[in-house]
Amino acid sequence: MLRDYIVEVTSVLAPEEIRVELDGDIEVPIDDLDVTVNHSATRRGKGAAIVDGFESLSPDVDIVLFADADGSTAAESLAELVRTLQTVDVDICVGSRRHPDATIASPQSVLRRHLGDVFAWTARSVRSSVGF
């Protein structure tokens, strides 16, 4: 699955670099692809993996994209974000499956969506209770 997604992203975007952050004992057969793989021996969690990936980039990089490895964001949607960043005077673009105009090819289950809502609510509650 990840292999197919990397091939799709490469063919649509032709990025200068694709970086994959892996945690724990995950093994993915992508060694023959032109990607940079950072394999952490410990489980960092998604947020820490994203931060590590962004912090590893050169400060000269103009456009940075993040996408989940499951391929839930089509490569063409990533290309649309790049076009927006290149043509509109903005510093950041965010795609969301919750946007009213979003096209969802593989929708989340009701359980998954509600778990996400509970997590977001909990994070906001904790954040406000500690003063962030």
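Under the convention that each Lys and Arg Cβ holds +1 and each Asp and Glu Cβ holds -1, the size of the dipole of region 1-53 around its Cα centre is about 300 debye. I'd like to know which of 128, 37, 94 lies farthest towards the positive end of the charge dipole of the chain, counting +1 on Cβ of Lys and Arg and -1 on Cβ of Asp and Glu. Value computed over the given set: 128. In the context of the full set of protein chains, residues of region 3-132 present 76 Å² of accessible surface per residue (probe radius 1.4 Å, heavy atoms only). If the chain linking residue 14 and residue 32 were pulled fully straight, counting 0.36 nm for each residue of separation and taking away their Cα-Cα distance, it would gain 4.8 nm. So if a site counts as exposed when it's one of the GluC sites (Glu not before Pro), its DSSP state isn't H, G, I, E or B, and it has at most 13 other Cβ atoms within 10 Å, what's the longest stretch of the chain without one? It runs 28-132. With a Förster radius of 25 Å applied to the C-beta separation of residue 70 and residue 125, the computed FRET efficiency comes to 0.35.
By the helix-only formula, in which each DSSP H run with n ≥ 4 contributes -39500 (n - 2.57) and the sum is divided by residues, the chain has a 222 nm mean residue ellipticity of -13500 deg cm²/dmol.
Normalised by the number of residues in the chain, the average gap of Cα pairs under 8 Å and 6 or more apart makes the relative contact order 21 percent. Taken about its Cα centre, the chain carries a charge dipole of roughly 940 debye when the Cβ of each Lys and Arg holds +1 and the Cβ of each Asp and Glu holds -1. Each residue was assigned an accessible area with a 1.4 Å probe, and for residue 91 the value is about 150 Å². The base-10 log of I(q)/I(0) for the chain, evaluated at q = 0.16, 0.19, 0.20, 0.21 Å⁻¹, reads -1.08, -1.42, -1.48, -1.52 [Debye formula, identical scatterers on Cα atoms, solvent excluded].
The values are calculated or read from the model by the stated rules, or taken from the named source; none is laboratory data. All figures in this text were calculated on a predicted structure; none of them were measured in a lab. Every residue, glycine as well, gets a Cβ built from its backbone with ideal geometry; the counts of neighbours run over all protein chains shown. The accessibility values were calculated without ligands, DNA or RNA, using every heavy atom of the protein model including side chains. Shrake-Rupley method; radii C 1.70, N 1.55, O 1.52, S 1.80 Å.
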